[in-house]
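The structure appears below as structure tokens.
The values are calculated or read from the model by the stated rules, or taken from the named source; none is laboratory data. Small disclaimer: the values here were computed from a predicted structure and weren't measured. All Cβ positions, even for glycine, are placed from backbone atoms using ideal geometry, and neighbour counts span all protein chains on display.
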């Protein structure tokens, strides 16, 4: 009960909750919410994981069976081979971590420069970067696609190459904004001390700023990976080659050719990495979501 | 901690500072300028990578969007066609339908996707137990790859052997056709989209609810306010800023809906009942190679959303005073 007293005051007063009627109502509402939420949010996941264990006939049976009558884990192996999941998974990991590396290096360097080195026209550049947040992303898809298939000056077609994912991923003004705001909060004296000690700028960034910035780097990294993992339209357009596709696009394009239980098993496998990331880093993700403001 | 590897014993190296060099003013100025140039060069050196990426993949496409809308490309020859792309887009029979569908989606998504997360956040904030677990549950679908969550709903909606109709049928309720009927297709897309996305909004509301000072509720209690009056007079005004911002973000995001209808109904749906504006853009560009029409329609969407943001900024400013 002590824990209840220590909580910040919310809508319902502790006195009201302490009464018998209040307690009964609280537990009824709480129990209902627990049941409904578990069914609504975990139910589909349960259906997906067990759906992959059902036989082809059982999965389309009506009404659906609550649990697999004769669980066949082979379906998962079947899905792994038939949808070439090893390849798709490898591709997605490659794109996601590549995008992460590019974003970390280039966005951190840019934010450091804008926050601490403050070059001429720095504010104009920052303003132009933030202005891109105002442009609806889907509107830019067409000219962005045309640019990627024929990059001006270089005259290169980046379609089917990882660069098509990596380079545009850097243009995340929100990352730069988050990092810059964090760097702004680092006292200048710390940097002055480092430069008094003869540290170069890269050295200052590396050994003074980055160690302090670990929380924000964590948030930026997780979202960088999750964004690539969840993206659908961009990889659908820029990586048409089946050997180069991501999990999302690969499963989608093969979805009509395989039986339902195999497809469901493939969906489960595709979900595991992001769910693992979420369960391990949930604290960082949730704090990043709220501290970093609103990304929607 | 891999603490700063710099130690004080490394002693200040005494930079060649101009402070004590009592040189002639002109030479000193030149030195200052040289140092400022050096400083700027290295600062821009840190920036250049990101600036190049933005230049190629963000700023240039932005400019190009405007140009494309007034161009036509035939067999590699680009010609200026004035407003003809816009005329073509407006005269497309799918044009008004796409806007109607998009507005319907936005309206339904506001009712469901805007109100529901707030109510859930208010509810969760009252719980003294398992709040972490419930928060985790609500956010879980956000982390699923869209192909998994969307195909999952596609199975649930199946009128023949889907889970939803099996449940509705077992309690004697009517079994709708979900995605296969023009009446319910868009609603089905909205329900799926809300399930997939409501987690982030819920967590943002929860965080802002936790910032409400408890004294306000205590004062409301003393005034004898009931539950609804407390929500209306304390909770909502206290979270007004975040609520209105989320309202705007929600409109901007839902007006751009694409992936959910694309994966659920193939984009158009029964008799085009889920064709959205962005799906139409996609069709122009990638099915018909008509980039001019795609850019023209994109520009219309851009202007509309800019108008919405402008109206929001205006309203917010006048109500803030």
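Every test in (1) closer than 26 Å to residue B:271 by Cβ; (2) more than 11 Å from every other protein chain (Cβ to nearest Cβ); (3) more than 19 Å from the chain's Cα centre (by Cα) is passed by residue B:158 save one, and that test is (2). For region A:12-46, filtered to residues that are facing chain B (nearest Cβ under 7 Å) and modelled with pLDDT under 90, the residue that is farthest from residue A:266 (Cα to Cα) is A:13. Return the residue satisfying two criteria in turn: it lies in region B:249-267 and is in contact with a helix residue (DSSP H, G or I) (Cβ under 7 Å, 6 or more places away or on another chain) and farther than 22 Å from residue B:148 by Cβ, and of such residues it is surrounded by the most Cβ atoms within 10 Å (Cβ to Cβ). Selected residue: B:255.
Exactly one condition in (1) part of a loop (DSSP other than H, G, I, E, B); (2) under 12 Å from the mean Cα position of the chain (by Cα) is false for residue A:229; which is it? So residue A:229 meets the others, but not (1).
When residues in region A:158-177 are screened for being closer than 18 Å to residue A:218 by Cα and within 15 Å of the chain's Cα centre (by Cα), 5 of them pass.
Within region B:185-228, if we keep just the residues that are more than 11 Å from chain A (Cβ to nearest Cβ) and over 19 Å from the mean Cα position of the chain (by Cα), the residue that is surrounded by the fewest Cβ atoms within 10 Å (Cβ to Cβ) turns out to be B:224. If the condition is being within 7 Å of chain B (Cβ to nearest Cβ), crowded, with 22+ Cβ neighbours inside 10 Å and within 22 Å of residue A:106 (Cα to Cα), then region A:129-150 contributes A:129, A:140, A:144.
Among residues of region A:113-128 being surrounded by fewer than 24 Cβ atoms within 10 Å (Cβ to Cβ) and touching a residue at least 40 places away in the same chain (Cβ under 8 Å), the one that is nearest to the other protein chains (Cβ to nearest Cβ) is A:117.
The set of residues in region A:240-249 being in a loop (DSSP other than H, G, I, E, B) and either farther than 17 Å from residue A:156 by Cβ or within 14 Å of chain B (Cβ to nearest Cβ) (or both) consists of A:240, A:245, A:246. In region A:151-161 there is at least one residue that is under 16 Å from residue B:65 (Cα atoms) and within 11 Å of chain B (Cβ to nearest Cβ). Going by the structure shown, is residue A:258 crowded, with 20+ Cβ neighbours inside 10 Å and on the phi < 0 side of the Ramachandran plot? In short, no.
Only one of (1) modelled with pLDDT of 90 or more; (2) under 29 Å from residue A:236 (Cα atoms); (3) within 12 Å of another protein chain (Cβ to nearest Cβ) is not met by residue B:116, so which one is it? Of everything listed in (1) modelled with pLDDT of 90 or more; (2) under 29 Å from residue A:236 (Cα atoms); (3) within 12 Å of another protein chain (Cβ to nearest Cβ), residue B:116 misses just condition (2).
Here's the yes/no breakdown for (1) assigned by TED's automatic domain parsing to the domain that holds residue A:145; (2) closer than 30 Å to residue B:43 by Cα; (3) in a helix (DSSP H, G or I):
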{"site": "A:191", "(1), (2), (3)": "yes, yes, yes"}
{"site": "A:205", "(1), (2), (3)": "yes, yes, yes"}
{"site": "A:211", "(1), (2), (3)": "yes, yes, yes"}
{"site": "A:234", "(1), (2), (3)": "yes, no, yes"}
{"site": "A:253", "(1), (2), (3)": "yes, no, yes"}
{"site": "A:256", "(1), (2), (3)": "yes, no, no"}
{"site": "A:264", "(1), (2), (3)": "yes, no, yes"}
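If I filter region B:170-179 for residues that are under 13 Å from residue A:62 (Cα atoms), surrounded by fewer than 17 Cβ atoms within 10 Å (Cβ to Cβ) and free of Cβ contacts under 8 Å to residues at least 60 places away in the same chain, do I get at least one hit?
Yes.
Scanning region B:257-278 for residues that are under 13 Å from residue B:101 (Cα atoms), facing chain A (nearest Cβ under 10 Å) and not in a loop (DSSP other than H, G, I, E, B) yields B:277, B:278.
Conditions (1) within 15 Å of residue B:290 (Cα to Cα); (2) in a helix (DSSP H, G or I); (3) at pLDDT below 90; (4) under 31 Å from the mean Cα position of the chain (by Cα), marked per residue:
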residue	(1), (2), (3), (4)
B:44	no, yes, yes, yes
B:51	no, yes, no, yes
B:54	no, yes, no, yes
B:58	no, yes, no, yes
B:62	no, yes, no, yes
B:67	yes, yes, no, yes
B:73	yes, no, yes, no
B:79	yes, no, yes, no
B:90	yes, yes, no, yes
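Regarding residue A:199, is this residue more than 23 Å from the chain's Cα centre (by Cα), in the same structural domain as residue A:275 (by TED's automatic domain parsing) and part of a helix (DSSP H, G or I)? Answer is no for this residue.
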